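Comments concern the structure below.
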Ligand code: FEO
């Protein structure tokens with residue numbers, strides 16, 4: 001009996017996204033290595049933690065496909081992007097990667113909607129919310145660096161920024177959780 005509850009199109013698209021998330025993990029790992037090599041221990045810690053989070057995203061896709069009777073495929077990954085030129089470039093690229101990933105998630109949502117696969121549509125809503133957080137987190141990185149003085153930041157403010165990012169939580173505050181007491 002065929003117990004697969006996913007169309008072949010969605011199975012393939014979700015499997016592709018699992019590999020995209022693994023590539024995101026690869027990318028954050030590479031940027032974390034670059035940051036560590038440049039003496040930014042806190043920033044590299046932040047990026048390494050994020051690399052782990054991306055792997056967890058991949059695992060969610062893997063598990064969902066398996067739960068629905070499908071079979072994901074682990075493919076070869078491209079090399080990680082090259083080293084950023086500086087911290088501004090690094091944080092801008094992080095933001096850009098997240099926006100590109102959001103667009104991929106939106107295409108999956110559209111696909112699930114078109115197929116009226118509400119289980120997959122519902123599963124993907126977790127990622128829609130997660131991408132709001134990821135983009136907010138990336139915007140925060142850019143803002144914090146700007147406040148520290150951008151590429152012209154003094155060693156002292158870079159030291160403080162590095163320390164702050166090493167301790168920064170992995171999740172961003174979402175608008176839906178804001179209250180008038182805690183906006
Ligand atoms: Fe898994 Fe940063 O998106």
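Read the figures in this text as sums done on the coordinates, not as results from a lab. This is a predicted model, so every value here is computed, not measured. So basically every Cβ, Gly included, is an ideal-geometry build from the backbone, and we count neighbours across all protein chains shown.
Relative to the longest principal axis of the Cα atoms of the chain, the long axis of helix 41-67 makes an angle of roughly 0 degrees. Over all directions, the projected convex hull of the C-alpha atoms in the chain averages 12.0 nm² in area.
Working from the pairwise distances between different alpha carbons, so that the mean of 1/r is found and then inverted, what is the range 13-66's Kirkwood radius in Å? After inverting the pairwise mean of 1/r, the radius is 11.3 Å. Relative contact order for the chain: what is it in percent, counting Cα pairs under 8 Å that are at least 6 residues apart? Taking the mean separation of contacting Cα pairs over the length of the chain, I get 27 percent. Compared with the dominant principal axis of the Cα atoms in the chain, helix 8-37 is inclined by about 20°. Go ahead and collect, in residue order, the members of the range 39-81 whose backbone nitrogen is under 13 Å from a label point 7 Å along the Cα-Cβ direction of residue 119. Label zone hits: 64-71. Restricting the calculation to Cα atoms, the range 73-152 yields a radius of gyration followed by a Dmax of 16.2, 52 Å. Between the helical axis of 87-115 and the longest alpha-carbon principal axis of the chain there is an angle of about 20 degrees.
Going from the fewest other Cβ atoms within 10 Å to the most, the residues 104, 163 appear in the order 163, 104.
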